[in-house]
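Only the coordinates and a few stated rules stand behind these numbers; no lab work does. Predicted, not measured: the structure shown is a model, and the values here were computed from it. Counting neighbours? That spans all protein chains shown, and the Cβs are built from the backbone with ideal geometry, glycine included.
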Amino acid sequence: MLRLGTRGSPLALVQANLVRHALIAAHGWDADEIEVVPIRTTGDRVQDRPLAEIGGKALWTKELDRALLAGDIDLAVHSMKDVETIRPATIAIAAMLPREDVRDRLIGAPAIASLPQGARIGTSSPRRAAQMRRIRQDLAIVALRGNVDTRIAKVAAGEADATLLAAAGLERLGRPEVGAPIPLETMLPAPSQGAVGIEVRADDAATRALVAAIGDRITERCVFAERALLAALSADCHSPVAALATIEDGRLRLRAELLTRDGSESVTADRELGAPEDAAKVARELLDAASPALRGLFGH
């Protein structure tokens, strides 16, 4: 039996079961050959502070990493946008499921333009906060964390006038009607948004091969390009960065944006890449075009 580790949130469990069903279908296994093992993470426990203040993306992964390396689980399922750019050499990304809708959705209003003057936008994402401020300098950003239902409930209770959620998560939860999709031309997503990844121990060749069978090569190529951009930028959870790689006519295209936290300054790039690792060149181009203040947000 394979033990599949996951966070315990409703969305995480849905994603874990997507992986479980894909493995069962790919290998013709019986349903009881994969056990889903929920693991409570620090990110799930601490909901009253932005991730950037209390440890960043590792808060979603460190307990799963520990269980994986200890042999308590055989694979771990993650939302790829929550996975740190630099991973331990002992852990390998074995596969990614086909990516879903990469856009953000606005909850609480039909469009950004229809938000009232001075509306309070609930988000703890530096990227979303900076993009909203760039579009509407009058908007006020208030910290808002929690799973999908928690954030929707906080808006309904008046803690914020609106919030932003990933379209892919809403669709996986069976709620495609919730919120208004924001066009990519208005807001590029977070790197890796909409992608589900599976990690295994790097030295576990057998499990790695089993998991690789369900990988979507287009998603993997695009997400690895976005992660290569982040690595070259030295971006962390404090860095407002958006990026989206796509395959168009067989060619790899990368769009990216760096912003100051208040959205007053941004630099963008839109380039065709020969390979995912070429994203490092786009990172250098963006940093060269940025002011010292903006460059400083990315460790340069």
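When DSSP beta bridges are restricted to pairs lying wholly in the chain, around 75% turn out antiparallel.
Note down the net charge around residue 273, summing +1 for each Lys or Arg and -1 for each Asp or Glu among other residues with Cβ under 9 Å from its Cβ. It would help to have the intermediate numbers written out before the result.
Working: positive: 251, 253, 271, 281; negative: 272, 277, 278.
Result for the local shell: +1.
Taken as Cα centroids, the range 254-300 and the range 122-145 sit 20 Å apart, rounded to the nearest whole angstrom.
One quarter of the convex hull surface built on the alpha carbon atoms of the range 104-181 amounts to 4.5 nm², the projected area averaged over directions.
Considering only DSSP beta bridges with both partners in the range 104-181, what is the antiparallel share in %, to the nearest 5? Each step should come with its number before you reach the end.
On the way: 6 of 11 bridges.
Rounded to the nearest five, the antiparallel share is 55 percent.
Computed from the Cβ-Cβ distance with R0 of 35 Å, the FRET efficiency linking residue 1 to residue 251 stands at 0.25. Listed peptides 233-240, 207-214, 137-144 appear in the order 233-240, 207-214, 137-144 once ranked by packing, highest mean of other Cβ atoms within 10 Å at the front. Between 12, 106, 64, the Cα set farthest toward the positive side of the dipole of the chain (charges on each charged residue's Cβ, about the Cα centre) is that of 106.
Express the C-alpha Rg of the range 229-296 as a ratio against the empirical globular expectation 2.2 N^0.38 Å, rounded to two decimals. Walk me through the numbers before you get to the answer.
Working: Rg = 11.9 Å, N = 68, 2.2 N^0.38 = 10.9 Å.
This ratio for the range 229-296 stands at 1.09.
Please tell me the relative contact order of the range 229-296 in percent, rounded to the nearest whole number, where contacts are Cα pairs under 8 Å and at least six residues apart. Reported as a whole number, the value is 31 percent.
May I ask you to derive the relative contact order of the chain, considering only C-alpha pairs under 8 Å and at least 6 residues apart, and to give it as an integer percent?
Working: 610 pairs, mean separation 61.1, N = 300.
Result for the chain is 20 percent.
Taking the C-alpha atoms only, the angle from helix 279-289 to the longest principal axis of the chain is near 20 degrees. Other residues within the sphere of radius under 13 Å centred on the Cβ of residue 5, judged by their own Cβ, net out at +1 (K and R +1, D and E -1). Can you tell me how the range 109-256 classifies by the Cα gyration tensor, rounded, prolate or oblate, using a/c under 1.5 as the rounded cut? Taking the square roots of the gyration eigenvalues as a ≥ b ≥ c, the range 109-256 is prolate. Roughly how many Å is it from the Cα centre of the range 1-35 to that of the range 157-226, as a whole number? After rounding, the separation between the Cα centres reads 17 Å.
Can you give the relative contact order of the range 104-181 as a percent, counting alpha carbon pairs under 8 Å and 6+ residues apart?
Numbers: 111 pairs, mean separation 37.2, N = 78.
The value is 48 percent.
Which order do the peptides 28-37, 85-94, 66-75, 14-23 come out in when sorted by mean C-beta neighbours inside 10 angstrom, highest first?
On the way: 28-37: 12.9, 85-94: 15.8, 66-75: 17.3, 14-23: 19.5.
Ranked by mean Cβ neighbours within 10 Å, highest first: 14-23, 66-75, 85-94, 28-37.
Within the chain, all pairs of alpha-carbon atoms sorted by distance into 10 Å bins from zero give the percentages 6, 27, 36, 24, 7, 1. The simple Förster model, with R0 at 51 Å and r as the Cβ-Cβ distance, assigns residue 66 and residue 135 a FRET efficiency of 0.80.
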